[in-house]
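Worksheet: one structure, shown below.
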Amino acid sequence: MKEKIELMISLPKIPDIELVALEGMDRMANHLGITDGKIGEARILITEAVINAFEHSGANKPNVLVEYEMTREKLIIYIRDYGKGFNPDDVEEPDIKEKMGSTNKRGWGLKLIKTMSDDLTIESDDTGTKITIVKNLV
């Protein structure tokens, strides 16, 4: 039988709170014997997704819910905010040439998440946004 670990963390908006989500995932991986190399990209995914949720939710008192399901083979990450929602199709892809010549280097989060995920689902409406990220660990 495959061992599966689940964790749910509710994060308030305070500086560097995404580190709490990373610590939880790291402890789960350590328990299952998953190497740092296999979860390195997952750290980037979680950091970007949590920061995006706080930054773009539009909620007056933002709170982000992070849930994990982890086995030795797969990590599923759910990140939920309770903001105004958005249409993922309206998010422009960053242009590297334009960004390099600009003082605004931001705007890469969703692109990174799409590129580094093995599967990504975004559900968003006027009650908030939930993203589901799958990261294969084998």
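The values are calculated or read from the model by the stated rules, or taken from the named source; none is laboratory data. These numbers come from a predicted model, not from an experiment. Every residue, glycine among them, receives a Cβ derived from its backbone with ideal geometry; neighbour counts consider all protein chains shown.
Tabulated results
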item	result
Residues located in the range 64-95, provided they are within 12 Å of I122 (Cβ to Cβ), buried (at least 17 other Cβ atoms within 10 Å of the Cβ) and touching an Asp or Glu at 6+ places or on another chain (Cβ under 6 Å)	G85
Lone qualifier among D16, D26 - being without any contact (Cβ under 8 Å) to a residue 40 or more places away in the chain, of a type in the set (D, E, K, R) and over 21 Å from L110 (Cα atoms)	D26
Positions within the range 5-26 being touching a strand residue (DSSP E or B) at 6+ places or on another chain (Cβ under 7 Å) and closer than 16 Å to A42 by Cβ, in sequence order	I5, E6, L7, I9, V20, A21, G24, M25
All positions within the range 95-138 that are polar (S, T, N, Q) and modelled with pLDDT of 90 or more	S117, T121, S124, T127, T129, T132, N136
Hits in the range 21-40 - residues which are buried (at least 16 other Cβ atoms within 10 Å of the Cβ) and β-branched (V, I, T)	I34, I39
Test: residue in the range 63-74 that is under 18 Å from S117 (Cα atoms) and free of Cβ contacts under 8 Å to residues at least 60 places away in the same chain	yes
Residue satisfying all of: in the range 111-129; crowded, with 17+ Cβ neighbours inside 10 Å and in contact with a Phe, Trp or Tyr (Cβ under 8 Å, 6 or more places away or on another chain); nearest to G83 (Cα to Cα) among these	G128
Condition broken by K61, with the remaining ones in (1) modelled with pLDDT under 95; (2) among the basic types (K, R); (3) surrounded by 15 or more Cβ atoms within 10 Å (Cβ to Cβ); (4) out of contact with any helix residue (DSSP H, G or I) (no Cβ under 9 Å at 6 or more places or on another chain) satisfied	(3)
